[in-house]
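Data first, discussion second: the structure below is written as structure tokens.
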Amino acid sequence: MTYTYAVLDVPEIVYATVRALLVSAGYEHAFHRGRDGEVLDMHGIALRLGETSKRSVPWTPEQVDALNRWQSCGWVHPFTCGSCGGLAQLHATVRGWICPYCDYTQEWAHEVMFGPLPPSPLTAQDTVTTLPRDP
Ligand SMILES: [Zn+2]
């Protein structure tokens with residue numbers, strides 16, 4: 001007997017977080033070991049966005065760089081101005097987000113935005129892998 005998966009490679013932090021949540025919920029049966037290591041069989045398991053943590057200003061120059069990388073990467077939705085109809089993309093500064101066209105500011109960002117960018121879906125390779133079932 002084999003399992004057939006569409007395997008999506010995710011960042012370590014994503015995998016570790018999902019794995020810990022499944023273990024705490026008693027879903028150890030979802031872990032399978034294959035040629036390339038462990039995979040999580042998510043059949044019948046849906047994800048939804050839980051509470052996110054936010055970080056308020058002031059931000060360091062390195063944090064500002066991370067936020068502006070997020071804004072300009074092209075594969076995540078950027079923060080936009082709440083006054084200019086959502087068409088103006090905000091720019092991060094050490095004192096917070098600013099709109100280049102009006103005086104709108106925002107003094108928080110999602111914690112995840114200070115870390116590495118998520119992988120681009122434009123280059124991600126979904127692969128189909130057939131793994132032997134554990135005895
Ligand atoms: Zn604006």
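Given 92, 64, 114, which one lies farthest toward the positive end of the charge dipole of the chain, if we put +1 on the Cβ of every Lys and Arg and -1 on the Cβ of every Asp and Glu?
92
Taking the Cα centre of the range 39-101 as origin, work out the dipole magnitude from +1 charges on Lys and Arg Cβ and -1 charges on Asp and Glu Cβ, in debye rounded to 20.
180 debye
Quick one: which residues, 5+ away or cross-chain, put their amide H under 5 Å from the amide H of residue 34? H built at 1.01 Å from N.
Close amide H contacts, sequence-distant or interchain: 39.
Any read-out appearing in this document is the output of simple, stated calculations on the displayed coordinates, not a laboratory observation. Computed from a prediction, not measured in an experiment: that's the story for all the values here. Cβ: placed from backbone, ideal geometry, glycine included. Neighbour counts: every protein chain shown.
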